[in-house]
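Down below is the structure, laid out as structure tokens.
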Amino acid sequence: MHSSFIRLRKALDSFLLSICGIAIVSLVCTVTWQVFSRYVLNNPSTITDELSRYLMIWLGLLGGSYLFGRKGHLAITLMSDSIPPAANKILQLVINLLIIIFANLAMLRGGWLLIQRTMQQFSPALQIPMGYVYMILPISAVLISLYIIMNTYDLFAKEHVIKD
């Protein structure tokens, strides 16, 4: 089971880093074109302004999901550093359960309801349903939940090793 989690983690990491790489390159291109069209051509592009905004949302949530897998989020560890290892495992389990509850209630369920409400609402410049923009909420909730499950398993596994 541990090797399955390792393979899944590597596949998710690779996929997310690829998507984030494409998003950041696209973001740089759209912002560069926006600046060029505004200050050189004196005719700002409305499409790149809106597209860069949506790319930033997707990049932030996908990057945040990746950070859950790498345990790279900012954390205040004063309490966890000062308690015994057994109690720390229980604390980490409680934290992971709270994260899964939040991800599934707010991001998955709330995101799904938001998508349903906004599929008939179109963005001003791109004319795409706003539900597509908000689709990142349930996607990132599923990714975060998968990573938290793997991290929780690693927490209680005898050999806790994450290889890059």
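Rule-based calculations on the coordinates, nothing more; no lab input. Only a predicted model underlies this, so the values are computations on that prediction, with no experimental measurement involved.
Note on the chain: along the principal axes its Cα atoms extend 63, 33, 33 Å, ordered by decreasing extent.
Length available on full extension from Arg7 to Val40: 0.36 nm per residue minus the Cα-Cα distance, which gives 7.0 nm. For Phe122, the residues 5 or more places off, or on other chains, whose built amide H falls under 5 Å of its own are Met130. Estimated from helices alone, the mean residue ellipticity of the chain at 222 nm is -25000 deg cm²/dmol (sum of -39500 (n - 2.57) over DSSP H runs with n ≥ 4, per residue).
Measuring between their Cα centroids, the range 36-82 and the range 86-124 lie 18 Å from each other. For the chain, modelled as a GNM whose springs connect Cα atoms under 10 angstrom apart, the maximal fluctuation among Gly63, Gly131, Gly21 occurs at Gly21.
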